[in-house]
Every structure is written in structure tokens, then in C-alpha cells.
Amino acid sequence: MLHIKKSYIPIVEIKEGPLKGKWADHQILTAEALKSKDIVFNTYPTGSGKTRALLNAIKFNNYKNILLIAPTNELLRQYREDVEKYLVKNNMNHEVILVTSSELDKINGQNHSKALEQILNKPNNKVLLTNPDIVHYVLTMHYGHESLRRSLFINLVAQSNLDLIAFDEFHYYDLKRSFFATLLVTLKAVFPACRWKLLFMSATPSQYIKEFAEQLDFDVEIVSPEITDSNVTMPFLSDTFLEVISGNIKDNLETIIEKLNEWKTKNFDAVVISDSLARISILSSKLQEQGWKYGEDYGMITGPATTEERKKALDLPLILTTPTVDIGYNFPKQNKKRQNIDCIIFEARNHADFIQRLHRAGRIFFKPEVNHPSIAVCLCPGNSQKTFEKYSGDINRQKLQAIAKEAFGEIKDPTEAYYQAIGSISLRLFQGKIKLLFDAKTANAENSPVYRFINIIKKMTGASNAWLKVPAEVFQIALINDEIKYGQINDENREKLLQIIQKLRERKDVNNRPLYETDEDIYLAMKKISSFIDQLASFRSFSMPTLEVVAEKHIFGTNQKFEYDALTILSMYEAELKPNKRKKANPLCLGTAKVIKKLEKNQYLTLRILRAPDFDHGFFIPLKLKIDQATEASYALNKALSELAVPIYLLTSAQANIARTYGLHPRKIILDNIEKISLVGEEAVSAVGLFSGVANILPI
């Protein structure tokens with residue numbers, strides 16, 4: 001067992017001025033850095049008060065208009081409370097505006113574009129709190145009605161007079177979702193009207209974004225614990241006793257329940273974090289068998305749970321949760337004098353998750369009682385556990401960081417591989433949209449700002465030559481379908497379609513056989529290309545068939561209906577199924593599943609792919625795939641899958657093991673009657689960055 005010694009944070013006391021008072025040093029350093037620097041990264045640890053650093057920066061620099069981007073609506077609601085309290089306490093007259101789909105509905109339920117335009121046009125002194133989805137769609141000109149997309153883009157980046165754009169929990173964004181941050185940095189480099197400062201707040205920041213900004217000659221400052229010279233400190237993380245166990249929650253149920261029972265008798269507040277909703281469900285059922293009462297002895301915070309259900313769970317002594325809490329949850333406990341969370345059990349497969357989750361417990365910053373130790377139990381892969389076994393006794397957090405990196409390994413930056421294989425499609429399509437902001441002469445001139453803008457993005461993402469690797473037909477199909485989607489069906493477009501079909505007829509595979517045997521296959525391939533690119537442009541995950549799920553609260557943390565991946569529900573839970581009898585909002589929703597319980601042993605539905613690619617590992621989109629099992633549910637699944645682009649990444653055995661350390665879920669598929677290991681859907685797209693390899697965009 002390791003004893004992690006109490007951690008301290010430098011403190012400064014300001015005697016006079018707008019920030020008079022006692023603060024963590026970074027809560028002042030961040031505000032000062034933004035006064036003179038273009039881009040600032042605050043990399044202080046989780047639990048050290050980065051929210052207050054942002055708010056102090058607004059006050060210190062007299063910012064009038066601020067855009068704060070946080071990855072979940074739950075975190076935005078928490079931010080609204082914090083910001084409003086700060087503004088009232090400091091006599092600041094900013095209007096705090098939550099910009100989410102539900103809030104835009106209240107302004108104009110028929111037209112979110114006009115509602116957003118109305119907000120952006122408000123006069124000075126506004127703090128806009130929004131999710132990355134909306135910003136992503138506005139910047140890539142996919143938001144709302146076609147007629148307002150151009151004006152919304154211009155309004156957001158220039159006419160709304162933003163002083164500061166801040167990102168919280170930026171480490172949460174993957175490559176597809178961090179693209180809009182790349183756009184903002186590039187816009188600031190090229191267009192003088194983009195005068196706002198950028199603040200990135202993350203304990204584990206993106207090295208790619210930092211290097212990107214520095215190569216564009218921005219004046220960048222990193223506010224981190226290593227650069228301070230303060231001699232006055234205050235504890236912010238308690239002494240913690242850490243035990244590391246091999247496996248996951250399901251592998252260690254008896255041990256975990258024994259610990260939870262012990263902590264219950266001592267009135268400790270505890271949290272259990274699992275990467276898997278299914279494993280949390282198993283633990284919840286076992287606790288019920290032991291006499292624990294849901295809603296009284298423990299609660300759950302999961303993706304399907306409602307805001308109200310999550311709030312109720314926060315008040316309970318034990319909280320079972322999924323990675324939902326990795327994003328900004330503070331676990332407030334009313335009037336508790338010591339740390340809010342005394343004990344934590346968590347799964348971790350990589351260094352970032354280990355540090356983020358460990359630091360959910362033991363937060364004592366500005367707490368009156370700081371000498372109560374915390375208890376932590378980490379569940380991890382066996383090879384990582386063996387590394388921790390080599391160490392014992394007293395260590396500080398810096399040494400712990402080094403041990404964790406040794407145990408879990410360094411995470412590779414997948415940016416270049418991703419953009420060279422798939423992300424370049426997004427860039428190519430975005431190029432056409434950004435040119436629409438300018439007249440034809442400016443848009444195509446080699447010395448114009450738009451030309452420089454596009455070339456910076458291509459260079460910085462490593463995608464300069466990647467477009468050559470993507471079949472021309474992919475872009476042509478995407479562009480022509482985009483035009484047809486907005487009513488531009490004319491003779492010219494019909495002629496273009498015929499030309500594309502002819503090119504696809506002439507396409508050969510590596511064995512010089514026709515890539516598509518019939519015109520019917522060609523039409524299906526075109527549908528799947530359009531489906532793939534539509535999903536690639538989306539901020540959301542790649543679409544898969546879903547079921548509308550209902551269950552008792554102790555299974556998923558909610559008794560409200562929610563949609564969930566159909567393959568997962570059918571493979572892992574005993575459920576009563578009712579097929580769709582009326583049209584639902586989501587056409588991929590197959591029906592309703594009343595979940596009875598978690599299956600003792602998973603019964604995975606097998607995906608059978610009818611034609612194999614000509615490589616052993618890499619990315620492809622199958623033209624035809626189906627579920628092998630002959631059930632009513634499988635029939636509905638196959639119908640939904642028939643026209644949907646389902647990304648697949650074939651893995652070697654070694655890659656499958658690495659994928660699991662990233663929290664991905666390799667699964668077996670049947671490929672030409674041979675069993676293979678793969679990633680499916682959104683995870684297949686992520687794998688392109690992790691493993692490189694071949695990326696075949698034309699469906700096969």
C-alpha cells in the first residue's frame with residue numbers, strides 16, 4: 001500500500017485592488033497572464049479551483065463578453081450557479097446566459113438559429129455558457145438553417161465582440177471534437193477581427209494545441225505548479241492511502257462489497273467509478289442482495305440518469321457512477337468540514353484516468369479540517385498493478401505521477417495519423433464552406449487570408465498530402481448530396497451523379513476485380529459514403545441502432561426512458577422487447593426494451609461482414625453486414641444496419657490489448673467466415689489515430 005502525502009498549493013494574499021483577498025496563486029497568475037498573453041493554459045490539478053481562476057480573470061481584466069465552453073450541460077448548469085454567485089458577490093452586472101438546446105427552445109422553439117443570433121446580438125456584459133456541440137456546428141457552418149449559417153459564423157467569431165473564449169475540461173475532447181479549437185486558434189492567427197483571448201483549463205492539457213499555438217507565433221503562457229516561487233501554501237488534497245488491485249469491479253465484487261460495508265459502519269462518504277455501466281449495474285444488484293437500499297444507502301450517477309436523479313444521488317453516502325463524473329463533478333456535501341469524499345474505488349486503464357479519478361477524493365482546499373486521510377482503491381490491468389507493487393511507503397504526488405506513467409505507459413498523440421487518414425475529409429469539406437464567406441477572387445487568391453487560413457490547418461494537422469489518399473468520388477458524392485439535400489436538384493447535378501456512378505463502375509480492387517458487382521451495390525455504397533460523412537461532420541458519436549430502455553432505478557440509475565445502443569442491451573441484459581409500432585424521433589430506434597437484469601454471462605451478437613478488405617488491420621466501411629442470430633430483434637437490427645455506414649477497424653491481438661488500455665471495447669466479428677477482432681462505430685474512427693494503418697473510405 002502507498003501513502004500519498006498531503007498536497008499543498010501556493011497561496012497569495014492581495015492587499016488591495018479588484019482581487020483583494022487570499023487566493024491560490026494560479027487564480028491570480030491566470031488573470032495576469034491573460035492581460036498580456038494571447039493564449040493561456042491553466043494546468044493546475046483537479047480540485048485546485050480553476051473555475052475561480054477564470055472568474056478572477058474576467059474581473060481583473062474587465063472583460064465584457066465571455067464565451068465559456070464546457071463539455072456537458074450538467075457542468076454548464078453547475079457553472080451557471082458558480083458564475084452567478086461570483087457576480088453577485090463582486091457587484092458585477094454581467095448577464096449569465098445558458099446556451100443549450102433546451103434554453104434556445106425557450107427563446108424560439110421553431111428556429112434555434114434565430115434564437116442564437118438573438119443572444120449573440122445582445123449588448124455588452126454577457127457571459128455565455130455553452131457546450132462544444134453548438135460552437136462546433138457554428139464554426140463548421142452546419143448549425144441550423146442554411147440561410148443563417150454564414151451570418152452566425154461571422155457573428156460568433158467577430159461581431160459579438162468576445163473578449164475571452166475559455167474551455168473547461170479540454171482533455172475530454174477527442175480528435176473529432178477538438179477540431180473546432182484548432183479552427184479558433186487559426187482564425188485568431190489570420191483574421192484581425194478575432195481579437196479574443198483563449199484560455200484552456202485542463203490538468204492534462206493537449207500537447208497538440210499548445211504546440212500548434214506556439215508554431216503560429218502566439219504569445220503563450222502555461223500556468224502550472226512547476227513555475228511558481230510562492231513560499232506560502234495551503235493543503236488542497238489530503239493524505240491518501242492507495243491500494244492497487246488487478247482486474248475490474250466484476251472481478252473483485254466480494255472485496256469491494258466488504259470495503260463498502262466497512263466504510264458504511266464508519267460513516268464515510270464514498271464513490272465507486274467504473275468504465276462500464278454494466279459493471280456498475282452488477283455492483284448495484286449485489287448491494288441490493290446485501291440489504292443496501294437504493295435512494296437511502298446509495299445512489300447512482302450515470303449517463304441515462306436525469307439531472308434531478310443525479311442531484312439526489314449526490315446527497316447519499318455512497319455513489320456508484322460511470323465516467324459521467326470525470327467531467328467536473330465536485331460531489332458537494334452540505335456543511336461537511338473535511339473532504340467531501342473520504343473513500344474512492346475506481347477503474348483506470350490509463351494514466352489520465354488514474355489521476356483524474358484519484359483526485360475526486362480528498363479535496364480539502366479551504367476546508368477547516370484537513371487531517372483526515374482518504375482511502376483509494378484502484379482497479380487496473382495486471383501489468384499496471386505489478387508496477388505499483390514495486391513501490392511502498394510514503395510518496396508525494398509528483399512521485400505518484402511518475403509511477404502512474406510507468407505503470408500505464410505514455411499515451412501517444414494520435415493527431416497526425418487521424419488527419420492523414422480520415423480527418424482530412426472534414427478539412428476538405430470545410431474548405432468549401434469557409435470560401436463562401438468571401439468573394440470568389442479573394443477566396444481563391446494565393447495571398448488571401450482564406451488561403452492562408454486553409455493552408456495553416458492543413459499543415460498543422462499533417463493533412464497536406466492526405467487528401468490525395470482519399471478517393472475523389474468520396475468528396476464528389478458528399479458535395480453533390482449536400483447540394484441535393486438543400487433542394488438543388490437540376491440537370492447539372494443529375495449529370496454529375498451519372499459521372500460518379502460511371503467512375504465507381506470502373507473501380508477495381510487490388511486483385512483487379514470490380515469493386516462493385518452491380519449498380520445496386522454502387523447506389524448502396526453512395527448512401528453509405530453520405531451516411532459516413534454526415535456522421536463525421538457531426539459532433540456526436542457515430543450512429544448505431546438503439547433501443548428505448550426502461551428499467552428499475554438500481555439497474556441504470558434511472559427509471560425514466562432513455563435510448564441506448566441496441567447491440568449492448570441485447571448482448572448484456574435480460575430484456576422484454578417491443579418493436580416499434582409508431583414513428584419515433586430517432587429512426588434508428590428499434591423499439592422498447594424493458595430490462596429485467598444484467599445477464600450472468602454476456603451473449604454477444606455477432607456481426608458478420610460479407611466481404612473482407614485486403615489488409616489484416618486497418619479501417620474500412622463494409623458494404624454489407626448483418627447480425628448472425630435469427631431472432632426478431634436481429635431482423636430489426638439488420639434492417640437498420642442495411643443503409644447505415646458502420647465503421648470497422650480490424651485489430652491485431654496486440655492492438656486489441658492496447659485498445660483496452662484506452663477504454664475501448666474490442667469485439668469479435670465474422671469476416672469471410674473467419675473470426676477477427678475489431679472495433680465498431682465511433683471506436684473504429686478513434687483507432688485510426690491510435691494505430692494508423694490502412695484507411696479505406698470507399699465501402700467494400
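Here is how the numbers come out for the structure above:
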| item | result |
| --- | --- |
| The one condition in (1) at pLDDT 85 or above; (2) buried (at least 16 other Cβ atoms within 10 Å of the Cβ) that S426 fails to fulfil | (1) |
| Filter result for L2 (at negative phi, surrounded by fewer than 24 Cβ atoms within 10 Å (Cβ to Cβ), aliphatic (A, V, I, L, M) and out of contact with any strand residue (DSSP E or B) (no Cβ under 7 Å at 6 or more places or on another chain)) | no |
| Residue under evaluation G432, criteria (1) of a type outside the set (F, W, Y); (2) closer than 24 Å to I658 by Cα; (3) at pLDDT below 85, criterion not met | (2) |
| Test set (1) touching a strand residue (DSSP E or B) at 6+ places or on another chain (Cβ under 7 Å); (2) modelled with pLDDT of 90 or more - L623 fails condition number | (1) |
| Within the range 66-100, considering residues that are modelled with pLDDT of 90 or more and polar (S, T, N, Q), the one surrounded by the most Cβ atoms within 10 Å (Cβ to Cβ) | T100 |
| Evaluation of I670 against (1) touching a residue at least 60 places away in the same chain (Cβ under 8 Å); (2) β-branched (V, I, T); (3) in a helix (DSSP H, G or I); (4) surrounded by fewer than 21 Cβ atoms within 10 Å (Cβ to Cβ) (one fails), failing number | (3) |
| Criterion (free of Cβ contacts under 8 Å to residues at least 60 places away in the same chain and under 29 Å from the mean Cα position of the chain (by Cα)) met by exactly one of L318, L277, L237, L242 | L318 |
| Those residues of the range 381-404 which are surrounded by fewer than 16 Cβ atoms within 10 Å (Cβ to Cβ), touching a residue at least 24 places away in the same chain (Cβ under 8 Å) and within 21 Å of Q207 (Cα to Cα), in sequence order | Q401 |
| Checklist (1) in contact with a strand residue (DSSP E or B) (Cβ under 7 Å, 6 or more places away or on another chain); (2) buried (at least 16 other Cβ atoms within 10 Å of the Cβ) applied to F180, failing item | (1) |
| Subset of the range 684-700 that is in a helix (DSSP H, G or I) and modelled with pLDDT under 85 - its residue that is farthest from the chain's Cα centre (by Cα) | F691 |
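Conditions (1) assigned to a helix (DSSP H, G or I); (2) touching a Gly at 6+ places or on another chain (Cβ under 6 Å); (3) surrounded by 15 or more Cβ atoms within 10 Å (Cβ to Cβ), marked per residue:
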| residue | (1), (2), (3) |
| --- | --- |
| R505 | yes, no, no |
| L524 | yes, no, yes |
| K528 | yes, no, yes |
| F532 | yes, no, yes |
| F542 | no, yes, yes |
| L567 | yes, no, yes |
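The values are calculated or read from the model by the stated rules, or taken from the named source; none is laboratory data. Since this is a predicted model, take the numbers as computed values, not measurements. Glycine gets a Cβ as well: all are built from the backbone with ideal geometry, and neighbour counts include every protein chain shown.
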